[in-house]
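**Student:** I have a structure here, written as structure tokens, and I will follow up with some questions on it.
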């Protein structure tokens, strides 16, 4: 038996061709000029017998698919079945491209099949041909399709209409549901359909524990089928006698709602599930003109576009959240009876789809996540860069090719760090400055801009910490002043000095090293936490003003780090802390990902509990306040009186609240 197949190197086509070859037939594969390498790769991967898969050069946009007259004469009367699968299956494709591929391509395929005097023309349509029909759409329905304004829905409907009205040879039409990967291997060739939800699921898994209950949408029913079912069903039905002139819905007879599908993939991806789901159709009581007017407001459009862009969900896909159509498939079931070809339950293979996506299709796999890709040749300024977190971060970014500028007060230590970086092969420039002196901040900004022209990344790391209860601070107002002077005003002065050039260049990134104490409201650190909270608040305000100018602000709520800053408090020698290198990794993460905030789960949890149950959280923090007394230095002594070793209770509490300052 001889076949001619268009779209044979496509995702459904390659599996269908394999099935046809199993029938000992010869397959003539219509290929675009220039697709030979793709064909060779797929043929090798699928293990096709090259003696029975014969490529034929053609073009969807040309009459009779552009086959040469001699080729048509050679094949005339020898083709038993023509399978037309070539089309654009992409919601985001432009209308002209879809018209040429889906409508013109089908017309030209019909012309070719007629010229070849083929035994049957098999057209791969889609459930999209029904448009957004409300209710049950039967296999014998066509003209009843509704809401075909979308180019994809319209071209799929009209191309099927060509087969029904213009094809003069026997024909059969197949309407697959939403096609996903292979149920046995998970293999898929592109992001489509439910795969648009996967980045959202991944973000949920990264942010929240799997047991966390979530609120979500219920939505309409979406019909998902694996590619192997489609290929097997088409192959079986195509070779069964007495079915010409019919349409077959290759769908799941019991489709799940959007919320159920999302939960199925949440389980597959080990993300929290939507335990409470709101039916999206409840919003239909709002008149469409009002919804349209609300959606067209610039702030709403911009917010929605930003969210969709972040989640990589095309706006066109939103209409399918409340998908209104159910598909009757009795003709397909009758044709497949006894074949053992059935749609497997999504739950049984969802994990394979997720695993394949995460290993091969996740868009993050194709983004340069290396530090070098972000800072190579860029100007990075790190304050407090001569020691601790700043030095560790400077070594990392300089090693990745950045033009690293370190700033500190101590000239000897500053130059030693610079020399160490240069000796390791990095580019480093050292500038001495007292960032508590605003005039010195201005001088530093002017010097850096004069010497280097601009700054790509500013890391405000320099800071001062004071651990002293408020009761012991009544006569030490200067503690609050000097902490605010360096941690807030010094950082702010640099930001304000560098922002004009960043705005002019429409690029820049400002990273502020804050503290977990801002989220946990650590007692005895009121001066320090207040100064960091002020910088946090400024950053949140600035984000709203500069996000449209491609300037990012990142706040790192840093947990306790073993640096010289905490050395005076001997108790910290026995509690869990980060090393400066581990803290620098958070700075690297900020540079690569440019998030608004980086915080530990404990910090986020503490802030959440404080917001939901402030009185309970107050009791917890007061317990900590009583458990961890002021140091002898804070009381005015010179080290005497401080416990040599922390108690078991202190160590246990500090371990439980890992990284929080006490």
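The values are calculated or read from the model by the stated rules, or taken from the named source; none is laboratory data. Everything quoted here is computed from the prediction, not taken from an experiment. Quick reminder, even Gly has a Cβ in these numbers, built from the backbone with ideal geometry, and neighbours come from all protein chains shown.
**Student:** Quick one: which residue in 3, 89 is crowded, with 22+ Cβ neighbours inside 10 Å, in contact with a helix residue (DSSP H, G or I) (Cβ under 6 Å, 6 or more places away or on another chain) and assigned by TED's automatic domain parsing to the domain that holds residue 149?
**Tutor:** Among 3, 89, only 3 is crowded, with 22+ Cβ neighbours inside 10 Å, in contact with a helix residue (DSSP H, G or I) (Cβ under 6 Å, 6 or more places away or on another chain) and assigned by TED's automatic domain parsing to the domain that holds residue 149.
**Student:** Could you go through region 214-221 and let me know if any residue there is surrounded by fewer than 20 Cβ atoms within 10 Å (Cβ to Cβ), modelled with pLDDT of 95 or more and over 17 Å from residue 321 (Cα atoms).
**Tutor:** So far as region 214-221 goes, no, none of its residues is surrounded by fewer than 20 Cβ atoms within 10 Å (Cβ to Cβ), modelled with pLDDT of 95 or more and over 17 Å from residue 321 (Cα atoms).
**Student:** Here is a check on your reading of the model: is residue 119 farther than 26 Å from residue 318 by Cα and either buried (at least 23 other Cβ atoms within 10 Å of the Cβ) or touching a strand residue (DSSP E or B) at 6+ places or on another chain (Cβ under 7 Å) (or both)?
**Tutor:** When the stated conditions are applied, residue 119 passes them.
**Student:** Name the residue, out of 447, 404, that is under 30 Å from residue 481 (Cα atoms) and assigned by TED's automatic domain parsing to the domain that holds residue 592.
**Tutor:** Of the residues listed, the single one that is under 30 Å from residue 481 (Cα atoms) and assigned by TED's automatic domain parsing to the domain that holds residue 592 is 447.
**Student:** Out of all the residues in region 327-351, which are surrounded by fewer than 19 Cβ atoms within 10 Å (Cβ to Cβ) and either without any contact (Cβ under 8 Å) to a residue 24 or more places away in the chain or not in a loop (DSSP other than H, G, I, E, B) (or both)?
**Tutor:** Residues satisfying the conditions are 330, 331, 333, 334, 337, 338, 340, 345, 347, 348, 351.
**Student:** Let me ask you something else. Could you grab me the full set of residues in region 418-440 that are surrounded by fewer than 22 Cβ atoms within 10 Å (Cβ to Cβ) and assigned to a helix (DSSP H, G or I)?
**Tutor:** Selection gives 419, 420, 422, 423, 438, 439, 440.
**Student:** Which strands (runs of 3 or more DSSP E) does region 113-199 wholly contain that include 2 or more residues that are more than 23 Å from residue 219 (Cβ to Cβ), at pLDDT 95 or above and touching a helix residue (DSSP H, G or I) at 6+ places or on another chain (Cβ under 6 Å)?
**Tutor:** Filter on region 113-199 gives 120-124, 171-176.
**Student:** Any chance region 606-625 includes a residue that's at pLDDT below 90 and either within 20 Å of residue 487 (Cβ to Cβ) or not assigned by TED's automatic domain parsing to the domain that holds residue 458 (or both)?
**Tutor:** Yes; the residues of region 606-625 include at least one that is at pLDDT below 90 and either within 20 Å of residue 487 (Cβ to Cβ) or not assigned by TED's automatic domain parsing to the domain that holds residue 458 (or both).
**Student:** Here's something else I'd like to know. Kindly check whether there is at least one residue in region 89-96 that is modelled with pLDDT under 95 and not in a loop (DSSP other than H, G, I, E, B).
**Tutor:** For region 89-96, residues modelled with pLDDT under 95 and not in a loop (DSSP other than H, G, I, E, B): present.
**Student:** Tally up the residues in region 227-264 that are within 15 Å of residue 332 (Cβ to Cβ) and either within 36 Å of the chain's Cα centre (by Cα) or assigned by TED's automatic domain parsing to the domain that holds residue 85 (or both), please.
**Tutor:** 14
**Student:** Another question about this same structure. Only residues that are in a loop (DSSP other than H, G, I, E, B) and either outside the structural domain of residue 118 (by TED's automatic domain parsing) or surrounded by 14 or more Cβ atoms within 10 Å (Cβ to Cβ) (or both): list them for region 25-51, please.
**Tutor:** 25, 32, 35, 48 - these are the residues of region 25-51 that are in a loop (DSSP other than H, G, I, E, B) and either outside the structural domain of residue 118 (by TED's automatic domain parsing) or surrounded by 14 or more Cβ atoms within 10 Å (Cβ to Cβ) (or both).
**Student:** From the list 568, 559, which residue is over 24 Å from residue 436 (Cβ atoms) and either at pLDDT below 95 or crowded, with 23+ Cβ neighbours inside 10 Å (or both)?
**Tutor:** 559
**Student:** Please state which one of 54, 16, 21 is surrounded by fewer than 22 Cβ atoms within 10 Å (Cβ to Cβ), in a helix (DSSP H, G or I) and assigned by TED's automatic domain parsing to the domain that holds residue 123.
**Tutor:** 21 is the lone residue from the list that is surrounded by fewer than 22 Cβ atoms within 10 Å (Cβ to Cβ), in a helix (DSSP H, G or I) and assigned by TED's automatic domain parsing to the domain that holds residue 123.
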